[in-house]
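A.B. asks: Pasting a structure below so you can have a look.
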Amino acid sequence: TTAQIGVTGLAVMGRNLARNFARNGYSVAVHNRTAAKTRSLVEDFGDEGTFVPAESAEEFVAALERPRRLVVMVKAGGPTDAVIDEFAPLLEEGDVIIDGGNAHFEDTRRREKALRERGLHFVGAGISGGEEGALHGPSIMPGGPPEAYEALRPLLESIAAKAPDGVPCTTHIGPDGAGHFVKMVHNGIEYADMQLIGEAYELLRDVGGYAPAEIAGIFRRWNEGRLDSYLIEITAEVLSHTDAETGKPFVDVVLDRAEQKGTGRWTVQTALDLGVPVSGIAEAVFARSLSGHAELREAGAGLPGPNAPALDAADAEQFADQVEQALYASKLVSYAQGWNMIQKASEEYDWDIAPGAVAAIWRAGCIIRAAFLDRVRNAFAADPGLPTLLADAEFAKEIGEAQSAWRSAVATATHRGVAVPGFAAALSYYDALRAGRLPAALTQAQRDYFGAHTYRRTDREGVFHTLWGEDRREVGAD
Ligand code: 6PG
């Protein structure tokens, strides 16, 4: 038997992806370093479609029809290189290796180049949606040569999630590392969304005085409006869950130290390198980091703060509405920042990424899926060169309408001593964008004072330096 596609690496993501291909009528060669996993996949799910189990790499490659398409689903980093090194010598010109892991886009660029030189196609594909997505329809972000995408298109389109209008959530993102880059930014935005939701929860609980089950109800209501999204939906589910052992709200028995596998951190590191301000995503990564520093938190636990009782019921209701507006406005800022990064990288690496197409394939399947993304898509459809999402007429109007409540929510949080790094950073970003002049003028003057780093003037061209230590005469410094 020949198989139309192969999956190697049968941990839960790989297994579910293989099943998804099989359920969609494709014959799938399956392979794993330890053959037991391959056998159990076929034993447990063999009736879902056609699987061709292979014990060795040679057997696996031989089972694939040409051009061979093999999906690698192993841990990002060393294991991916090891699998490529094992399979590449067995492949022939025109065959396609797809890396569906959360690889760093620079690794993908390196691998794509190396394999291209050997006549092989390498497609670094970001895949979002967790285990369930892999099985029922993920959002797929493939990068690499366009001709390799063409060889994959029907398969990817059939296993991908479908947006509400029926369009599959996959598209060719761009060459080499573009797919993994976009997946990385997806995760950065995911971090920001989660942090903002956390801040909203904290405010409703500590300031609003609501119990977790009541907050679940508030999130459910929000989920029917403009915040309608998977992450808001699961937040309500989590908050309404009771711990079986203690009878307490589940959220109260979970240790409050958030972990991270690294994609959020990569997003911020890369943003710094590209010179793109992504303060919302950065605050989300730092907030996770802070939560994990037990020793810092213990040392800080006794420090003074304000002491204010929760609001009474009528005020709490009004406050909840402010929090919704703060959450929405802050979310808009994070998305604007994320897209700035995509647009900057697209220029830098010559990827020619269509910003609206990215929004389109995030509408379903992925972790940040949301009704909102349809509107992001429309904003870029109206103006593909939009410098920031905040300048889109509709979003600008919404953020303008939300700003007063947003400020109140941040002010209340500050007065009451609740940390809202995401809300506050987003608001500061908004205010900085709005401001005609920034104190950066003073920064430049200081730099010139202590280091003769020079400055430009508002009223004429050129580069200048003031002789601060002498008679403060201004000299040209071109
Ligand atoms: C997705 C998720 C997925 C994974 C994250 C979790 O899009 O399906 O983003 O990739 O769940 O890597 O990341 P952290 O462990 O860093 O929170």
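A.B. asks: Return one whole number: the accessible area per residue of region 371-478 in Å², for a 1.4 Å probe. Walk me through the numbers on the way to the answer.
C.D. replies: Working: 6330 Å² over 108 residues.
Per residue, region 371-478 has an accessible area of 59 Å².
A.B. asks: Okay, next question. Taking the Cα atoms only, what angle lies between the long axis of helix 230-239 and the longest principal axis of the chain, rounded to 10 degrees?
C.D. replies: Value to nearest ten degrees: 80.
A.B. asks: Quick check: from the Cα gyration tensor, does region 341-478 come out rounded (a/c under 1.5), prolate or oblate?
C.D. replies: On the way: a/c = 2.82, a/b = 1.61, b/c = 1.75.
Oblate is the answer for region 341-478, as a/c is 1.5 or above yet b/c matches or exceeds a/b.
A.B. asks: Hand me the GluC sites (Glu not before Pro) from region 153-230 located in a DSSP loop with no more than 12 other Cβ atoms within 10 Å, in residue order please. Please list the in-between numbers first.
C.D. replies: Working: sites: Glu157, Glu190, Glu199, Glu202, Glu214, Glu224; in loops: Glu224.
Counting only loop positions with at most 12 other Cβ atoms within 10 Å, the GluC sites (Glu not before Pro) in region 153-230 are Glu224.
A.B. asks: Of Ile189, Pro146, Cys169, which is farthest on the positive side of the dipole of region 145-191, counting Cα position, with +1 on Lys and Arg Cβ, -1 on Asp and Glu Cβ, and the Cα centre as origin?
C.D. replies: So the residue furthest toward the plus end is Ile189.
A.B. asks: With Cβ to Cβ distances under 11 Å as the rule, what net charge do the other residues near Gly78 carry (K, R +1; D, E -1)? Don't skip to the answer; put the middle values down first.
C.D. replies: On the way: positive: Lys75; negative: Asp81, Asp85, Asp107.
Here the charged neighbours net out to -2.
A.B. asks: Tally Lys and Arg at +1 and Asp and Glu at -1 over the other residues with C-beta under 9 Å from the C-beta of Phe105: what net charge comes out? List each step's numbers first, then the result.
C.D. replies: Values: positive: Arg109, Lys183; negative: Glu106, Asp107, Asp176.
Computed value for this residue: -1.
A.B. asks: Follow-up question, since we're still on this one. In degrees between 0 and 90, to the nearest 10, how far off the longest principal axis of the chain does helix 35-45 point, with axes built from Cα atoms?
C.D. replies: Once rounded, the angle reads 90 degrees.
A.B. asks: Now a separate question. Taking region 365-450, which trypsin sites (Lys or Arg not before Pro) meet the DSSP loop condition and have no more than 11 other C-beta atoms within 10 Å? Walk me through the numbers on the way to the answer.
C.D. replies: Numbers: sites: Arg369, Arg375, Arg377, Lys397, Arg407, Arg416, Arg434, Arg437, Arg447; in loops: Arg369, Arg437.
Counting only loop positions with at most 11 other Cβ atoms within 10 Å, the trypsin sites (Lys or Arg not before Pro) in region 365-450 are Arg437.
A.B. asks: Give the dimensionless ratio obtained when the Cα radius of gyration of the chain is divided by 2.2 N^0.38 Å. Please list the in-between numbers first.
C.D. replies: Details: Rg = 25.4 Å, N = 478, 2.2 N^0.38 = 22.9 Å.
Against the compact-globule rule of thumb, the ratio is 1.11.
A.B. asks: If you average the alpha carbon positions of region 1-30 and of region 83-126, how far apart do those two centres end up, in angstrom?
C.D. replies: One Cα centre to the other: 18 Å.
A.B. asks: Could you tell me what percent of the accessible area of region 226-380 is made up of carbon and sulfur, with a 1.4 Å probe and every protein chain present? If you can, show how the numbers build up before the last one.
C.D. replies: Numbers: 3870 of 7550 Å².
The nonpolar share, carbon plus sulfur, comes to 51 percent.
A.B. asks: Let me ask something additional. Just how far, in whole angstrom, is region 225-273 from region 299-376 if you go by their alpha carbon centroids?
C.D. replies: 14
A.B. asks: Additional query: Is there a pair in Lys75/Lys344; Lys183/Lys331; Lys183/Lys261 whose C-alpha atoms are over 22 Å apart, and which pairs would that be? Present the calculation step by step, with values, prior to reporting the outcome.
C.D. replies: On the way: Lys75/Lys344 28 Å; Lys183/Lys331 18 Å; Lys183/Lys261 14 Å.
In this structure, Lys75/Lys344 exceed 22 Å between Cα atoms.
A.B. asks: Given a 1.4 Å probe, how much area per residue of region 272-352 is accessible, in Å²? Don't skip to the answer; put the middle values down first.
C.D. replies: Numbers: 4110 Å² over 81 residues.
With the other protein chains kept in place, region 272-352 gives 51 Å² per residue.
A.B. asks: Please compute the contact order of region 1-91 in relative form: average sequence separation of alpha-carbon pairs under 8 Å and at least six residues apart, divided by the residue count, as a percent. Working shown, then result.
C.D. replies: On the way: 155 pairs, mean separation 32.8, N = 91.
Worked out over region 1-91, it gives 36 percent.
A.B. asks: Count the net charge of all other residues whose Cβ sits under 12 Å from the Cβ of Ser428, scoring Lys and Arg as +1 and Asp and Glu as -1.
C.D. replies: On the way: positive: Arg407, Arg434; negative: Glu283, Asp431.
With Lys, Arg at +1 and Asp, Glu at -1, the net is 0.
A.B. asks: If you line up the long axis of helix 440-451 against the longest principal axis of the chain, both from Cα atoms, how many degrees apart are they, to the nearest 10?
C.D. replies: Helix 440-451 sits roughly 90 degrees off the main axis of the chain.
A.B. asks: Also, quick follow-up: Can you tell me what share of the DSSP beta bridges in the chain is antiparallel? A percent to the nearest 5 is fine.
C.D. replies: On the way: 11 of 33 bridges.
Percent antiparallel among DSSP bridges in the chain is about 35.
The values are calculated or read from the model by the stated rules, or taken from the named source; none is laboratory data. Source: prediction; values computed, not measured. Positions of Cβ are backbone-derived with ideal geometry, glycine not excepted, and every protein chain shown enters the neighbour counts. For the accessible areas, the whole protein counts, side chains as well, though only heavy atoms, and no ligand, DNA or RNA atoms are used. Shrake-Rupley method; radii C 1.70, N 1.55, O 1.52, S 1.80 Å.
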